[in-house]
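The values are calculated or read from the model by the stated rules, or taken from the named source; none is laboratory data. These numbers come from a predicted model, not from an experiment. Counting neighbours? That spans all protein chains shown, and the Cβs are built from the backbone with ideal geometry, glycine included. The accessibility values were calculated without ligands, DNA or RNA, using every heavy atom of the protein model including side chains. Shrake-Rupley method; radii C 1.70, N 1.55, O 1.52, S 1.80 Å.
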Amino acid sequence: MARVSAPDFWDGLYASGGDGWDLGQPAPPLVDVVERMPPPRGRVAVVGCGRGHDARFLAAHGYDVVGYDFAASAVAAARALARRDGVRVTFEQRDVFTLGRECAHAFDGVWEYTCYCAIDPARRDEYVRTVAAILRPGGWLLACFYPLRAVTAGPPFPVTRAELRRRFAGLVLARRT
């Protein structure tokens with residue numbers, strides 16, 4: 001398995017152009033939701049934020065955003081892009097699995113796009129617990145999970161709808177389509 005639990009693995013992907021998940025813009029499903037049925041404003045964590053396109057978009061739409069990524073190079077790029085765009089957003093280089101201990105109930109919302117499918121599948125329950133821990137009571141999780149088949153050794157790693165329902169059952173109360 002790829003060494004996805006090490007920051008240098010991700011920095012290497014960014015350096016080599018192996019970051020095919022980076023659209024160079026906010027994720028279209030996020031744009032659609034925020035423009036059509038925006039979640040309540042407040043403090044939002046963007047986990048696995050990469051170069052920060054989604055975090056900058058949310059900040060530009062009135063959210064107080066903190067983007068987290070394992071890769072120092074991605075965080076540096078995210079900060080530079082935020083300065084370029086004149087958007088006020090915070091970016092931190094860190095392991096998202098530490099957030100539950102250090103940021104308990106600190107966020108009104110969490111945005112997730114391609115982080116879940118990129119982490120070591122053995123840590124997915126821990127990831128769900130982390131998301132639950134950082135959300136304030138009544139907080140929201142907005143996520144773009146892609147059902148993926150095992151095509152490569154990963155990342156991304158396979159994800160099924162059944163798995164998502166099982167793992168997030170206690171966290172997700174409503175689904176918007």
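Give just the number: which of (1) open to solvent by 50 Å² or more (accessible area, probe 1.4 Å); (2) assigned to a helix (DSSP H, G or I); (3) basic (K, R) does R124 not satisfy? Condition (1) is where R124 drops out.
Filtered by the rule that a residue be part of a loop (DSSP other than H, G, I, E, B), among the small types (G, A, S), closer than 19 Å to D108 by Cα and over 11 Å from the mean Cα position of the chain (by Cα), region 47-77 gives a lone residue, G62. Being part of a helix (DSSP H, G or I) and open to solvent by 40 Å² or more (accessible area, probe 1.4 Å) is the filter here, so list the residues in region 21-40 that pass it. Answer for region 21-40, where residues must be part of a helix (DSSP H, G or I) and open to solvent by 40 Å² or more (accessible area, probe 1.4 Å): P28, P29, D32, E35, R36.
The requirement of being in a helix (DSSP H, G or I) and open to solvent by 40 Å² or more (accessible area, probe 1.4 Å) is fulfilled somewhere in region 85-96, by at least one residue. For region 1-56, residues that are closer than 23 Å to R83 by Cβ and among the acidic types (D, E) total 4. For region 5-20, a residue qualifies if it is over 19 Å from V96 (Cβ atoms) and open to solvent by 50 Å² or more (accessible area, probe 1.4 Å), and the qualifying residues are A15, S16, G17, G20. The combined condition, being in contact with a Ser or Thr (Cβ under 9 Å, 6 or more places away or on another chain) and aromatic (F, W, Y), is fulfilled by F97. A Cβ distance below 6 Å, combined with a sequence gap of six or more or placement on separate chains, defines the contacts here; from region 84-97, residues that are within 12 Å of D64 (Cα to Cα) reach residues that are open to solvent by 40 Å² or more (accessible area, probe 1.4 Å) and at pLDDT 95 or above in the pairs V87/A60; F91/R79.
Set side by side, the residues R43, R79, R56 differ, and just one is open to solvent by 30 Å² or more (accessible area, probe 1.4 Å), at pLDDT 95 or above and farther than 26 Å from D125 by Cα, which is R79.
In region 146-173, the residues that are loosely packed, with under 12 Cβ neighbours inside 10 Å never reach a residue that is acidic (D, E) and modelled with pLDDT of 90 or more with C-beta atoms less than 8 angstrom apart, at least six apart or across chains.
Selection of region 98-113 for residues being surrounded by fewer than 20 Cβ atoms within 10 Å (Cβ to Cβ) and among the β-branched types (V, I, T) yields only T98.
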